[in-house]
Amino acid sequence: MHFDPTQLATPAFILLVIAEMLFVRYAGRGRYEVRDMATSLIMGFGSVIFGTVFGFIFVWFAHLVMPYRLMTVAWSVPAVALCFVLDDFTYYLWHRSAHRIRWFWAEHVTHHSSQHYNLSTALRQPWGGFLTIGFVFKAPLLLLGFPLGMLAFVGGLNLVYQFWIHTEAIGKMPRWFEAVMNTPSHHRVHHATNARYLDSNYAGVFIVWDKLLGTFVEEDEAEKPRYGIVKNLATFNPFKVAFHEFVGIAKDLASARSLRDVVGYIFAPPGWSPDGSRETSDAIKARWAQYRNAQSPAE
Amino acid sequence: MTDQLLYLAISLAGVAGMVGLCALLFGRAVATLDTRSATQRLSCDVPGFRRGNSALSADCRSAILEDARNGAVYLVTARGDGFVTRRLGRSDLKTASRDGAALALRFSDFTFPAATIAFHDESVARDWEARMGRA
């Protein structure tokens, strides 16, 4: 079965980005910047090219794993629904790792590199997936017996769902929806660099994973999210956007003086350094908490 | 193959069209700052930041500020309609040289383009060149 939800949704993506631009221009809610948007769209375009060229690696990996599957799940509506939910959980796990392990962050940082938050940001997709091989997170589903085509299908649906949540044009959704689903409000928090919002809301479709696993943070009306990364990029060059963290890892490895340094530079959280001279998100949050407590000791 | 090339061409034309529409609607924004907004921005990026000495570039697109708590020197500079901040410590700078009232900075971070910051007064540039050497 060959049915790519992302490809089918592309015209809707384009129309929605245009509609949002008009909304931002005339309602004044949200921000667009030409070079930022151009970079996001080029990153999206490039990710399709890279995905096409290197997609065979995932197919090869799947064919390595599938002979060991426990059973074979046949295509049916309940099977697809179950696969969608389980796939979303593996997305959560991958996404959490992508923020906590530098190797995966090197790929994912691309998506967070814009200081803007609009629908074009959703299209700012990485090019380095073939290097980080994050698709190993799908292995349990293959081992359970879900067919590769079904995984590709639900993965596409997941990606399509996540498009519309990249906007400032929508405030809050109805309470029941906010309780279960990932929404623009929850995902704004995820893209924020404010210390209180760092490393939270990793969900793709169902925000319940964050609520169950202790990574949920509610958007605070009093603290507007500031988007981007802790050390924002000063370039719109798509190649630098796509690969700068890989270059950073390579430079650090060249200066590593022990095996501990090597392992730390690759697998420790972004910002880790042997001498502690850089800051991880945990360190930033701790410093922020210390500062906040000093400012208002009664709280 | 022809179909794929056609798909590629349509996609690129689509990207160009959307960027064109964005330019039409929003123009090419140029962010400017003053000492207050530069301080605000640094306070966001560096929790607890307390402004000490500071200097604004002549074009109001960059500012150099010192953290009164520890003497650390920071750059706030415009990129598009927003700003980027960087600490200007010895390990962050490849070179810092002065030509009259202008400071030329080259960064260790390869994503950060070299910057020339022109001040109104040569003494300001000289003063910050010295501070960066100590930071």
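Within the group A:F13, A:F84, which residue is crowded, with 17+ Cβ neighbours inside 10 Å, under 18 Å from A:Q162 (Cα atoms) and within 14 Å of chain B (Cβ to nearest Cβ)? Let's see the steps before the verdict.
On the way: A:F84 fails: within 14 Å of chain B (Cβ to nearest Cβ).
Residue meeting the stated conditions: A:F13.
Across the range A:25-43, what is the total count of residues that are in a helix (DSSP H, G or I) and at the interface with chain B (Cβ under 8 Å from one of its Cβ atoms)? Please lay out each step first, then the result.
Taking the range A:25-43 first, the residues in a helix (DSSP H, G or I) are A:25-27, A:34-43.
Of the ones still in play, those that are also at the interface with chain B (Cβ under 8 Å from one of its Cβ atoms) are A:25, A:34-38, A:41-42.
Looking only at that region, the number is 8.
Just to check your reading of the model, which residue among A:R196, A:R188 is crowded, with 19+ Cβ neighbours inside 10 Å and either at pLDDT 95 or above or within 17 Å of A:H99 (Cα to Cα) (or both)?
A:R188
Inspect all residues belonging to the range A:98-116 and state whether any of them is buried (at least 21 other Cβ atoms within 10 Å of the Cβ), touching an Asp or Glu at 6+ places or on another chain (Cβ under 8 Å), modelled with pLDDT of 95 or more and polar (S, T, N, Q).
yes
Of everything in the range A:201-214 that's surrounded by 19 or more Cβ atoms within 10 Å (Cβ to Cβ) and closer than 22 Å to A:A286 by Cα, which residue is farthest from the chain's Cα centre (by Cα)? Before the answer, list the steps.
Of the residues in the range A:201-214, the ones surrounded by 19 or more Cβ atoms within 10 Å (Cβ to Cβ) are A:201-207, A:209-210.
Those left that are additionally closer than 22 Å to A:A286 by Cα: A:201-202, A:210.
On the way: A:N201: 10, A:Y202: 7, A:D210: 14 Å.
Applying the filter and picking the extreme gives A:D210.
For A:R175, indicate whether it is out of contact with any helix residue (DSSP H, G or I) (no Cβ under 9 Å at 6 or more places or on another chain) and surrounded by fewer than 20 Cβ atoms within 10 Å (Cβ to Cβ).
On the way: out of contact with any helix residue (DSSP H, G or I) (no Cβ under 9 Å at 6 or more places or on another chain): yes; surrounded by fewer than 20 Cβ atoms within 10 Å (Cβ to Cβ): yes.
Spelling it out, A:R175 is indeed out of contact with any helix residue (DSSP H, G or I) (no Cβ under 9 Å at 6 or more places or on another chain) and surrounded by fewer than 20 Cβ atoms within 10 Å (Cβ to Cβ).
For the range A:278-298, name all the residues that are under 11 Å from A:A195 (Cβ atoms) and not in a loop (DSSP other than H, G, I, E, B).
Looking only at the range A:278-298, we keep the residues that are under 11 Å from A:A195 (Cβ atoms), and these are A:279, A:281-292.
Those that are under 11 Å from A:A195 (Cβ atoms) and not in a loop (DSSP other than H, G, I, E, B): A:S281, A:D282, A:A283, A:I284, A:K285, A:A286, A:R287, A:W288, A:A289, A:Q290, A:Y291, A:R292.
Working carefully through the options B:A58, B:A38, find the one that is outside any strand (DSSP E or B) and under 18 Å from A:T193 (Cβ atoms).
Details: B:A58 fails: under 18 Å from A:T193 (Cβ atoms).
B:A38 is the lone residue from the list that is outside any strand (DSSP E or B) and under 18 Å from A:T193 (Cβ atoms).
How many residues does the range B:108-127 hold that are surrounded by 13 or more Cβ atoms within 10 Å (Cβ to Cβ) and part of a helix (DSSP H, G or I)?
The number of residues fulfilling the criteria is 5.
Any residue in the range A:263-271 that is crowded, with 19+ Cβ neighbours inside 10 Å, away from chain B (no Cβ under 12 Å) and touching a residue at least 24 places away in the same chain (Cβ under 8 Å)?
Here is the first cut: in the range A:263-271, the residues crowded, with 19+ Cβ neighbours inside 10 Å are A:265, A:270.
From what's left, away from chain B (no Cβ under 12 Å): A:265, A:270.
Checking which are touching a residue at least 24 places away in the same chain (Cβ under 8 Å) leaves us with A:265, A:270.
Yes, the range A:263-271 contains a residue that is crowded, with 19+ Cβ neighbours inside 10 Å, away from chain B (no Cβ under 12 Å) and touching a residue at least 24 places away in the same chain (Cβ under 8 Å).
If you scan the range B:12-57, which residues turn out to be facing chain A (nearest Cβ under 10 Å) and crowded, with 17+ Cβ neighbours inside 10 Å?
B:V15, B:M18, B:V19, B:L21, B:C22, B:F26, B:R41, B:D45, B:V46, B:P47, B:F49
Considering the range B:67-90 alone, what residues qualify as being closer than 13 Å to B:R106 by Cα and at the interface with another protein chain (Cβ under 8 Å from one of its Cβ atoms)?
Quick first cut of the range B:67-90, residues closer than 13 Å to B:R106 by Cα only: B:75, B:86-90.
Once the filter is applied, which keeps residues that are closer than 13 Å to B:R106 by Cα and at the interface with another protein chain (Cβ under 8 Å from one of its Cβ atoms), the range B:67-90 yields only B:R86.
For the range B:91-107, what are the residues that are within 12 Å of chain A (Cβ to nearest Cβ), part of a loop (DSSP other than H, G, I, E, B) and surrounded by 13 or more Cβ atoms within 10 Å (Cβ to Cβ)?
So in the range B:91-107, the residues within 12 Å of chain A (Cβ to nearest Cβ) come out as B:91-92, B:105, B:107.
If we keep only those that are part of a loop (DSSP other than H, G, I, E, B) too, we end up with B:91-92.
Scanning the range B:91-107 gives a single hit, B:D92.
Looking at B:L8, B:L24, which one is at pLDDT 90 or above and under 22 Å from A:A38 (Cα atoms)? Steps first, answer last, please.
Working: B:L8 fails: at pLDDT 90 or above.
Within the list B:L8, B:L24, the selection yields B:L24.
The values are calculated or read from the model by the stated rules, or taken from the named source; none is laboratory data. A quick note: this is a predicted structure, and the numbers were derived from the prediction, not measured. Cβ coordinates were reconstructed from backbone atoms using ideal geometry, including for glycine residues, and neighbour counts include every protein chain displayed.
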